[in-house]
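A short write-up of the structure that comes next.
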Amino acid sequence: MRNLAAVLFIGGLGFFLFVLFFRLPLGAPPLVAGAAILEEGGETVGAANLVTAVLLAYRGMDTLGELSILFAAATAVGLVLGRRQLVVSDPEGGFILRAGSDLLFPLLLVVGLYVILHGHLTPGGGFQGGVILAAAFFVPVLARPRRGLDHGLLSFVEGLAGAAFIGIGLWALFARDAFLEPLLGKGVLGHLFSAGTLPLLSMAVGLKVGAELAGLMTSLMEAEGRES
Amino acid sequence: MLPLILPVVLPLLAAFLVMPLARMSALIARALGPIVLTTSLVLLLPCCLDPPAQPLVLAIGNFAPPLGIVFYGDRLALLFANAVALFFLLFWDWRGGNPQQARQDALMLLLAASATGLALSGDLFNLYVFYELAAVASFGLVSLSGTGPALVATVRYLLVSAFGSVLALAGIALLYLQTGTLNLAQLGIDPEPLQGPAGLLAFGLMVIGFGVKAELFPLNYWVPEVYASAPARISALLAGLISKLAVLILLRLLVLVYGDTAAPQILLFLGILTIFFGEFSAWRAQDFPRMIAFSSIGQLGLVFIAFSLSGSWGVLAGIAVALHHLLVKSALFGLAHRWSGSLQALTGSAQRTPLAAALFVLFALSLIGVPPLPGFWTKILVLAGLAQEGSALAFTGLGAILLVTAVEAHYLFRFALQLYEKVENAPAGFRSFWEFLPSLLLGAALLAVTLRINPVADRLRAITQQAADRSFYITQVFPQAAAHRKDQP
Amino acid sequence: MALDFVSILYIGALGLLLLGTFGLVTTTHLFRLILALALAEAGVNLLLILSGYRGGAQPPILGFGPQDMPMVDPIPQALVLTAIVIGVGVQALAVAAAVRIYRRYGTLDLVALKAHLEGDLARKQGIAPPKSAEKPAGERPLSPVPPRPQEP
Amino acid sequence: MLETVALILVILVLSAGVLVLCLQSLMGAVVAASVVSLGVSVLFVLLRAPDVALTEAAVGAGLSTVVLALGLRKLGLWRIEGDRGEAHALVPTDRREREDA
């Protein structure tokens, strides 16, 4: 019964979508908002990477929402897994793992920061760099599980980075009467110091995402919790 | 413009800061939430009591509408934004004492911010983001007790909700593919291409997606377990407030784009199914939280039936039913805080806590629609609208509402009689009347509305007039589009 | 009909979406449901990116290719970035809850879990546990695992 | 040329997707899911979306695989027999006895 309903629903949906396919302007969509951004994005925002311009300037509110969602998820994971002092049963990694992690840590850190800071110029940005940062901090945990990560410090970084994002937005609110309007000079298109406050926002996003994901992975790893 | 942006942003800021602050001073961290919510209320209340003639429109970051995100605060949106601040203050966990208090407060604040955003945002994808934020925050809050049932209920809710989000996102992708814009007003400027099959499919997907939180029929089987295992405060907020905000998204789409299509018929059909499912399950329910959870599903079916009525009548009826349900259902869940057991175990509760039992009777009467309580007027609005419609489906809806009203009356009276039964050792119930203070306040509000039904009705008509007017919305967001329209009639 | 580039991708996106939906509706194992959800999400993300693609265009990065070439729409790309992040957040939460649930009930089968859930709720609220129609009384949903005594 | 690459990738992604749903080993299914993500991220490159491709590769193929694998490890569930009910067999025997009593 359940499967029959499923097949019917999926068949119906698939049929609809396939039939509609011939009416949809695939491959030649009506660019409305997109065309305008392509035209003026570089000048108004000053970022060469227009995706970053959309993400942090035009649709900055979405990015704030996205940060909040990740924060909510991390908070809920903490709530679900409990906050007891957990006994980590994993043994110390072998020499190769430990040496490898020592080697990887600074490399990943630099790459992560590079990706974050060049978000407005090249593909990548706060979020992608943040994932790399999280990996940088997670690899040593894999090698030496007992040392773990300081969750207090992580929540501090997380909170302050999020507050910094909103703070930059509020600064614009009071300076120009528009929340999240990019401030500071736009600089020369394509230079590192350009696009006004965008790199700062990117930095905040990167730190927040990095701290959140690192915390998430470590708490999943440590979740040796007993029955509640 | 501050009333539009700060009620969304300040709770987010506070949520980010609660946990670091809690490490320094628990007191400050605890005070942060109420302070922020009160600030929002102070900012919003003047706009709601004495609404500006023109809606507040705010382009975030000063990026002109189709490029950036727009916040649109007409009377309806401001009313809901106000209700968010008010209800979160009412159902705030004032007592505290949870070992994970900071996390819980952070999630409450995130939920408050997302709810305000849902009321105010005028951008489809931004609405989706706020909707997801509301979903994720509520997952955390529902599983607050950490017991097995709470976790299982959360996971079921999470899977249904995530599936709904995927469908809603597919709908948004289909819309974007056809129009190249996400701005609601711009979608409304030229709705004709969207009224074909592709547009209707997109609408259907979004109805299913956003219908998850609005407790609409196919995807609402998570409701009873979640409301039965979550803390009653959270159930009150989810059933009362968040479900209405999900409905608000669909209302905007209906008014701006899909008013003249088959979409209202879809809603009417789903609404009838929802109302049957909800009320008959409520009739069979054996415990108090699940009874009112199912009854909440039934009421939302009524909301959808109301919104399917054509023209501004439907909007008026829908808003009236939604506001009435917001008031009554939040209050009933406020009572569920202590009355969490089976109906049988609550027999004779009126002996110890007569005030709570009286409140229940008051809300039950309004829910059934006994005159002169507001519930009566809202039901009359819907029934009159359905009678005017005249189609076969509309008459089916009419019959359905009358039938389920009888069912509703039966189970609510049955329970009310049980409450007043004389028994030897009556259940303890509430320890003090502080425990149902929110319900008491809401009951007083209900009585106040009953006594001053005319001014309230006038206010509702003013709200509807703005909310039901497609070209009004478009003109407010795109003044130049309106001028363009006048040139070529 | 020769398949062009865009239709191939459209079919791929649709296929992923439908596969994921199929998995979501037919599976009852919690962990596999999480995976099916990821499939559906990947399909929708592809669909969204596809809605901004136009043939013969270059990535929306200034100074990346020749000056006057048309570029693809950057908005859907930003949307998908947001959607991916949301997806991973929800996924992590689901995994964490699954871990806790498995420790509590010893199963990840949603049908069994639903039975446990109703039994537990019924016990908490002091009502008769729901009778399942298809099973005889002896094989009613197992009573949930009693909480293990807390070690000091 | 572009069509051929796309076709191969789509077939790869869809078959990996089928594997996700029907592989017995959950770890295998997780790996298949990460193959799907990787394939999709290459498709994003073909669709001129380098930012998204980078994210999908980092998140879908990396982060989410790590999260799922960590979850599986915590569950002690590298492998299960069938999808329904049989998972009970994983409960320690003493606990099962208590349940059955």
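The values are calculated or read from the model by the stated rules, or taken from the named source; none is laboratory data. Since the model is a prediction, treat every value here as computed from it, not as a measurement. Virtual Cβ from ideal backbone geometry, glycine too; neighbours counted across all protein chains shown. Surface areas here come from the heavy atoms of the whole protein model, side chains and all, with no ligands, DNA or RNA. Shrake-Rupley method; radii C 1.70, N 1.55, O 1.52, S 1.80 Å.
Please report, in debye to the nearest 20, how large the charge dipole of chain B is about its Cα centre when each Lys and Arg carries +1 at its beta carbon and each Asp and Glu carries -1 there. If you can, show how the numbers build up before the last one.
Numbers: 25 positive and 21 negative charges, 180 e Å.
For chain B, the charge dipole is close to 860 debye.
Which FRET efficiency value, to the nearest 0.05, is calculated for B:ALA428 and A:PHE21 with the Förster distance at 60 angstrom and r the Cβ-Cβ distance?
Working: r = 63 Å, r/R0 = 1.05.
Here the calculated transfer efficiency is 0.40.
Can you compute the modelled spin-label distance between B:ILE453 and B:THR39, with each label point 7 Å from Cα toward Cβ, in nm?
Distance between the two pseudo-spin positions: 4.2 nm.
Restricting to bridges with both residues inside the protein assembly as shown, how much of the DSSP beta-bridge set is antiparallel, in percent to the nearest 5?
Values: 9 of 10 bridges.
So the antiparallel bridges amount to about 90 percent of the total.
Name the shape class, rounded, prolate or oblate, that the alpha-carbon gyration tensor gives for chain B, where a ≥ b ≥ c are the square roots of its eigenvalues, rounded holds for a/c under 1.5, and otherwise prolate holds if a/b is larger than b/c and oblate otherwise.
oblate
Considering Cα pairs under 8 angstrom that are at least six residues apart, work out the relative contact order of segment B:262-451 and quote it in whole percent.
28
Over chain B, what is the relative contact order in percent, taking alpha-carbon pairs closer than 8 angstrom and at least six residues apart? All intermediate terms of the calculation are to be shown ahead of the outcome.
Details: 752 pairs, mean separation 67.9, N = 489.
14 percent.
Please state the shape class of the protein assembly as shown: rounded when a/c is under 1.5, otherwise prolate if a/b exceeds b/c and oblate if not, all from the C-alpha gyration tensor. Can you show the working numbers first?
Numbers: a/c = 1.45, a/b = 1.14, b/c = 1.27.
It is rounded, given that a/c, with a ≥ b ≥ c, falls under 1.5.
In whole Å, what is the distance between the alpha-carbon centres of segment B:209-250 and segment B:270-328?
The distance from the Cα centre of segment B:209-250 to that of segment B:270-328 comes to 12 Å.
At R0 = 45 Å, how high is the FRET efficiency between D:ILE8 and A:PHE95 if r is their beta carbon distance? Nearest 0.05 is fine.
Details: r = 41 Å, r/R0 = 0.92.
So, using R0 = 45 Å, E works out to roughly 0.65.
Mind jotting down the distance between the C-alpha centroids of segment D:1-61 and segment B:357-411, whole Å?
That distance is 52 Å.
Which one, B:GLY61, B:PRO218, B:LEU346, is farthest towards the positive end of the dipole of chain B when Lys and Arg carry +1 and Asp and Glu -1 on their Cβ?
Working it through, the farthest residue towards the positive pole turns out to be B:LEU346.
For the pair A:ASN3 and B:LEU417, what calculated FRET efficiency results from E = 1/(1 + (r/R0)^6), where r is the Cβ-Cβ distance and R0 = 45 Å, to the nearest 0.05? Could the numbers behind the result be given before it?
Working: r = 44 Å, r/R0 = 0.98.
According to the calculation, E is roughly 0.50.
Quick check on packing: order B:366-372, C:35-41, A:155-161 by the mean number of other C-beta atoms within 10 Å, highest mean leading. Walk me through the intermediate numbers first.
On the way: B:366-372: 18.1, C:35-41: 27.7, A:155-161: 21.9.
The most tightly packed comes first, giving C:35-41, A:155-161, B:366-372.
If you place +1 on the Cβ of every Lys and Arg, -1 on the Cβ of every Asp and Glu, and leave all else neutral, what size is the dipole of segment A:2-222 about its Cα centre, to the nearest 20 Debye?
Values: 12 positive and 14 negative charges, 101 e Å.
Approximately 480 debye in magnitude.
Starting from 0.36 nm per residue, how many nanometres of slack lie between B:LEU437 and B:SER312 once their C-alpha separation is accounted for? The partial results should precede the final answer.
Values: separation 125, 0.36 × 125 = 45.00 nm, distance 3.59 nm.
So the chain would gain 41.4 nm between B:LEU437 and B:SER312.
Given 5 Å bins starting at zero, what is the percent of C-alpha pairs of segment C:32-122 in each, up to the one with the largest pair distance?
Cα pair-distance distribution for segment C:32-122, in percent: 3, 11, 15, 14, 12, 10, 9, 7, 6, 5, 4, 3, 1, 0.
What order do B:CYS48, D:CYS22 take when sorted by accessible area (1.4 Å probe), most exposed first?
Values: B:CYS48 25, D:CYS22 80 Å².
Result of the area sort, largest leading: D:CYS22, B:CYS48.
Over all alpha-carbon pairs in segment B:262-451, figure out the percentage whose distance exceeds 24 Å. Please list the in-between numbers first.
On the way: 6743 of 17955 pairs.
The answer is 38 percent, as a whole percent.
What shape does segment A:2-222 take by its C-alpha gyration tensor, where a ≥ b ≥ c are the square roots of the eigenvalues and a/c under 1.5 counts as rounded, a/b above b/c as prolate, and the rest as oblate?
On the way: a/c = 1.93, a/b = 1.19, b/c = 1.62.
Oblate, since a/c reaches 1.5 and b/c is not below a/b.
Distance from a point 7 Å along Cα→Cβ of D:SER25 to each backbone N in segment D:31-47: keep the residues under 14 Å and list them by number.
D:31-33
Just report the Cα centroid separation between segment A:131-164 and segment B:416-441, whole Å.
49
How far apart, in nanometres, would the label points at B:LEU2 and A:GLU43 be if each is projected 7 angstrom from Cα along the Cα-to-Cβ direction?
3.5
For peptide D:9-15, what's the mean number of Cβ atoms from other chains within 10 Å of each residue's Cβ?
On the way: counts 3, 10, 3, 1, 9, 8, 0.
Mean partner-chain Cβ count within 10 Å for D:9-15: 5.
Is any residue of segment A:28-53 close enough, with backbone N under 16 Å, to a label point placed 7 angstrom from the Cα of A:ARG176 along the Cα-Cβ axis, and if so, which?
Inside the label zone: A:40-48, A:53.
For the protein assembly as shown, what % of the accessible area comes from carbon and sulfur atoms, probe 1.4 Å?
On the way: 22610 of 33970 Å².
Of all accessible area on the protein assembly as shown, carbon and sulfur atoms account for 67 percent.
Just want the answer: with Cβ charges of +1 for Lys and Arg and -1 for Asp and Glu, which residue in A:PRO25, B:VAL303, A:ALA47 is farthest toward the dipole's positive end in the protein assembly as shown?
Going by the Cα projections, it comes out as B:VAL303.
About the Cα centre, and with charges only on the beta carbon of Lys, Arg (+1) and Asp, Glu (-1), how big is the dipole of the protein assembly as shown? Nearest 20 debye, please. Provide the component values of the computation, followed by the final result.
Values: 58 positive and 57 negative charges, 432 e Å.
For the protein assembly as shown, the charge dipole is close to 2080 debye.
Between B:GLN351 and B:ALA53, what is the label-to-label distance in nm when each label sits 7 Å out along the Cα-to-Cβ direction?
Using points 7 Å along Cα→Cβ, the separation is 6.3 nm.
If you scale each eigenvalue of the Cα gyration tensor by 5 and take the root, what three semi-axes come out for segment B:1-139, rounded to whole angstrom and sorted largest first? Show your work: numbers first, answer last.
Details: eigenvalues 147, 53, 31 Å².
Listed largest to smallest, the semi-axes of segment B:1-139 are 27, 16, 12 Å.
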